[in-house]
Amino acid sequence: MIGKEQLVIDWRDFVRGMSSSNEMADGGFSPNTDCINLLTTPGVVYNAAAPVNRSTGATGQMIASCEDPSGNYQRIFLSSDANDDGQLYSATSNGTLTARGSEDTTQNYIQGRADMVAYQGEVYFTSNEYVGRYSSIGSSNTVNPQFFLFNSALVPHPALVYEDNIFYGDGNLLRRQTSAGGTPATILTLATGIIIVALGIDPGSGKMLISYVSQLNVSGTINTQSRVGFYDGLSNKLDRTVIIEEMITAFPTAEGVQYASYGPYLGYWNGSGVSFLRRFANIAYDNTELMYKHHFTSIGSTLYFIDNLQIIAHGHPYQGSPKVFYPAFRNRVNSNNFFHVANLGNNLLCFSMSTSLFYTVDVTSVSDSNTLSFDTNVYRFPRTIEITGFFIEYADAVGASVLPGTLLYLNKSVIGNSTAFLGLSSLTNTASSGIRETLPDVLGAASSRGRTFQFRFTQSDSAVNIGICRIIIYYNVVE
């Protein structure tokens, strides 16, 4: 008997995105899920595309980037190695890197402090100590890492192009540069001890947003006064200031929506503060993990950002749907966190990690590599049930003798086995031709009785680009 009752997991769950935690079901699947693509075919869970290694010639990890205003290259990157030395790179549309200028062995380039902007045909980048200048006009590739000396070292030096000027944070000073090659000058002085952390633009008023704190707090570990000031770019004082619960580290945008990151949290900027959106439990209070500016990018209407080993997406899985979170990619090359993520155009997402590694991945493509791991929500039943079987429907044909993946179930009702999967259901196609669905053997009652279950589908190496349309769990209530 296949089972009198059934639990259906299908597109209605997929398009709800990931839940807030593994113990909640406010989304359609567990946040323990890895490497899924919800965009290629809405309503189907595909494996994310395989990454392409573009690390040739790279030394150090990319920590910041901006578009190349000269149009000669797709993007300009700033790297930092173990000695905090900077090197600029140009990248073509497919992610091929070429070093520009020589490595800077005198300044310090740190995640969360360094920044980079394009301005009037040139690129300007910041270190602990200086503003650097890069020009790629014509055949020239001139790099000057000591273009302008900051007043304060060991603090973030955010940069923003606003009203055709560049503005730099320099401790309690806001510097303004009014032309290419022009000397940045102090335009605004905040109180002594204030540290400017991030710059942005308020979409409602069009004013500049200045996130600042009352003492150096680049890792977010200090309970310090945090504020956001509104500024017109011309005056000697702020237009107004609002108090924020925690230091804002970035003001990313996607689809015209202004976000704000603070600590391990992401929210919407509402014009007078931050509306909480989600907490990310894996992000620690550390400048290498907090969501600073260059940990964000957007492609189309989707925001992508780094969550240590993962890249999380926040976007619409189908037309007219609300935005949801889902894990778009995970570092399976090694166990190191991502340093930087950026949009290379042509739907290519690029990212870097230790040691001197740089990859690209197409966010609209799918792959047959074994990276996908889809975890359902945890299901809790009021009475003990016995799971008797599974049914899986695929969007693509699975060839004869092909193992598309494995489906495992976790019986969390068994004491001492809350973190170990019990039982294994092989999904190998034993037919002589392709199939789009499979009904595995019925499980034994001894290991499949309980009140709390979770299920995981892991794609196999030998799979084609299959997509999961539906999973049905059959069960009986134990009398």
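The rows are residues; the columns are (1) out of contact with any helix residue (DSSP H, G or I) (no Cβ under 6 Å at 6 or more places or on another chain); (2) surrounded by 17 or more Cβ atoms within 10 Å (Cβ to Cβ).
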site	(1), (2)
Ser275	yes, no
Asn282	yes, no
Asn336	yes, no
His340	no, yes
Met353	yes, yes
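Residues in the stretch 457-473 that are assigned to a strand (DSSP E or B), open to solvent by 30 Å² or more (accessible area, probe 1.4 Å) and modelled with pLDDT under 90: Thr458 alone.
Each row is one residue, and each column tells you yes or no for (1) open to solvent by less than 10 Å² (accessible area, probe 1.4 Å); (2) touching a Gly at 6+ places or on another chain (Cβ under 6 Å); (3) not in a loop (DSSP other than H, G, I, E, B).
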| site | (1), (2), (3) |
| --- | --- |
| Gly112 | no, no, no |
| Ala118 | no, no, yes |
| Tyr124 | yes, no, yes |
| Gly132 | yes, no, yes |
| Val143 | no, yes, yes |
| Gln146 | no, no, yes |
| Arg175 | no, no, yes |
| Ala180 | no, no, no |
| Gly193 | no, no, no |
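A single entry from Thr419, Thr376, Thr384 fulfils the requirement of being exposed (fewer than 15 other Cβ atoms within 10 Å of the Cβ), at pLDDT 85 or above and not basic (Lys, Arg): Thr384. Name the residues in the stretch 76-110 that are in a loop (DSSP other than H, G, I, E, B) and charged (D, E, K, R), would you? Result: Asp81, Asp84, Asp85.
Taking the criterion of being among the small types (Gly, Ala, Ser), assigned to a loop (DSSP other than H, G, I, E, B) and over 14 Å from Gly193 (Cβ atoms), the residues of the stretch 209-240 that qualify are Ser219, Gly220, Gly233, Ser235.
Looking at this structure, is Arg100 more than 20 Å from the chain's Cα centre (by Cα) and of a type in the set (Lys, Arg)? For Arg100, the condition - more than 20 Å from the chain's Cα centre (by Cα) and of a type in the set (Lys, Arg) - is met. Kindly indicate whether any position in the stretch 63-75 is in a loop (DSSP other than H, G, I, E, B), without any contact (Cβ under 8 Å) to a residue 60 or more places away in the chain and within 27 Å of Thr106 (Cα to Cα). Within the stretch 63-75, one or more residues are in a loop (DSSP other than H, G, I, E, B), without any contact (Cβ under 8 Å) to a residue 60 or more places away in the chain and within 27 Å of Thr106 (Cα to Cα). Within the stretch 1-24, the residues that satisfy the criterion of being in a loop (DSSP other than H, G, I, E, B) and open to solvent by 60 Å² or more (accessible area, probe 1.4 Å) are Met1, Ile2, Lys4, Arg16, Glu23, Met24. Considering the conditions (1) modelled with pLDDT of 95 or more; (2) surrounded by 16 or more Cβ atoms within 10 Å (Cβ to Cβ), Ser152 is excluded by exactly one of them, (1). Taken together, Ala153, Ala159 contain a single residue that is in contact with a strand residue (DSSP E or B) (Cβ under 6 Å, 6 or more places away or on another chain) and among the small types (Gly, Ala, Ser), which is Ala159.
Among the residues examined, Phe390 qualifies as in a strand (DSSP E or B), closer than 30 Å to Ala431 by Cα, in contact (Cβ under 8 Å) with a residue 24 or more places away in the chain and of a type outside the set (Ser, Thr, Tyr). The set of residues from the stretch 59-89 being open to solvent by less than 10 Å² (accessible area, probe 1.4 Å), of a type in the set (Gly, Ala, Ser) and closer than 16 Å to Val117 by Cβ comprises Ala64, Ser65, Gly86.
The values are calculated or read from the model by the stated rules, or taken from the named source; none is laboratory data. Quick caveat: nothing in here was measured; it's all calculated off a predicted structure. So basically every Cβ, Gly included, is an ideal-geometry build from the backbone, and we count neighbours across all protein chains shown. All accessible areas refer to the heavy atoms of the entire protein, side chains included, with ligands and DNA or RNA removed. Shrake-Rupley method; radii C 1.70, N 1.55, O 1.52, S 1.80 Å.
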